[in-house]
Amino acid sequence: LSFYSGLPKVTVPKSPILVKYGGNAMTSPDLAVKFAADVRHLKSLGFKMIVVHGGGPMINGLLKDLNVQSSFDEVTGVRISDEKVVDCAEKALSSVGKGLAGSISKDGIMGVSISGRDASLLRCEVKDVRLGNVGEVKKVNADFLRSLLEIENLVPIICPIGCGMDDDDETVYNVNADTAAGAIAKAMNCDLTMFLTDIKGVCDSDMNLIPKLNKAEIENLIDTNVITGGMIPKVSYALQAVQGDGVAMICDGRVENALAREVHRIYGEADGGESGGTIVCE
Ligand SMILES: Nc1ncnc2c1ncn2[C@@H]1O[C@H](COP(=O)(O)OP(=O)(O)O)[C@@H](O)[C@H]1O
Ligand SMILES: CC(=O)N[C@@H](CCC(=O)OP(=O)(O)O)C(=O)O
């Protein structure tokens, strides 16, 4: 029996599901192969799939190779980005996206890597002048994404780089991948938004997994410095993602086939047991 045939049978939702695949979860080649297989498997079951990828460690690598300095803002957890940094981020992220599209494109499934600048997919404004060209997504070209999802077997793989609010604005924005995921999930009214990261979920100060969190609890954990760094955008934009009818989760991308396991558990006809991560609700 193959791994997938052992999973509970699922009822496929009408709305898409979005996976945010974090840079820290993609550093093992073996896990990456399994992630790509999970995407193909779910797509072949009929799920409308959207992948938004990160690539923080890969951007760090390129910045280091090119001797470009950058740092992260402690309050928001995002990378402070001047034009040089944005340029490196775009190059590194494009390469990550093409790699993902290549590994997903097998057995008739077509992974297509798209930048947030393509078709003005992610229109942005400056998040905070102190952060430079870091984009806050203000408008998502949802019609374009919907038309891509109409194409049989196509899985859009979105790179978190944004463009300006109007056609004359040539600014390129570095968008945190969690920000992009939250904005797209909301615009597409995604049924599920899953953030795959490099930790078991959101943890308390004793590093115990918190199975479920709402907005007030999240704000409190940020205020008390329990949620810090890269987890801040994740929980904030997970909250944005659930402004529609959907569910958001923060899951451990280091677990083999985490995506397929969780999706089968959530949409499974049998009781799939406890989740392996944190569920975020309003
Ligand atoms: N309360 C918390 N629970 C879990 N992780 C946390 C918490 N606060 C901060 N973190 C950090 O957030 C990291 C995940 O964010 P990040 O490294 O940006 O991942 P990704 O590349 O998946 O976006 C964890 O590895 C952990 O170091
Ligand atoms: C503005 C900002 O912070 N952009 C991120 C984009 C990549 C990203 O978010 O990747 P992860 O999901 O792997 O963290 C950065 O420069 O690292």
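Using Cβ point charges alone (K and R +1, D and E -1), the dipole size of the chain about the Cα centre works out to roughly 700 debye.
Most exposed first by the Cβ proxy, i.e. fewest other Cβ within 10 Å, how do M194, M207, M58 rank? Ascending Cβ contact count within 10 Å gives the list M207, M58, M194. Annotation: lysines with alpha-carbon distance below 17 angstrom to K138 (same-chain offsets under eight excluded): K127, K186.
Taking the Cα centre of the stretch 1-138 as origin and assigning +1 to Lys and Arg Cβ atoms and -1 to Asp and Glu Cβ atoms, the resulting dipole is close to 600 debye. Starting from the Cα gyration tensor of the stretch 101-253, take the square roots of the eigenvalues, sort them a ≥ b ≥ c, and report rounded, prolate or oblate (rounded when a/c is under 1.5, otherwise prolate if a/b is larger than b/c, else oblate). Oblate, because a/c is 1.5 or more while a/b does not exceed b/c. If you count Lys pairs in the stretch 2-86 whose Cα atoms are under 22 Å apart, skipping same-chain pairs closer than 8 places in sequence, the total is 11. If you take the square roots of the eigenvalues of the alpha-carbon gyration tensor of the stretch 242-282 and sort them as a ≥ b ≥ c, do you get rounded (a/c under 1.5), prolate (a/b over b/c) or oblate? Because a/c hits 1.5 or more and a/b fails to exceed b/c, the stretch 242-282 counts as oblate. Among the GluC sites (Glu not before Pro) in the stretch 113-174, those placed in a DSSP loop whose Cβ has at most 10 other Cβ atoms within 10 Å are E152, E170. Basic side chains Lys and Arg get +1 at the Cβ, acidic Asp and Glu get -1 at the Cβ, and with that the dipole of the stretch 189-255 about its Cα centre reaches some 120 debye. Looking at the stretch 8-91, the GluC sites (Glu not before Pro) that sit in a DSSP loop and have at most 15 other Cβ atoms within 10 Å of their own Cβ are E74.
Where a number appears in this text, it was derived from the coordinates with a stated rule and is not lab data. Quantities reported herein were computed from a predicted structural model and do not represent experimental measurements. Positions of Cβ are generated from backbone atoms using ideal geometry, with glycine treated the same way; all protein chains shown enter the neighbour counts.
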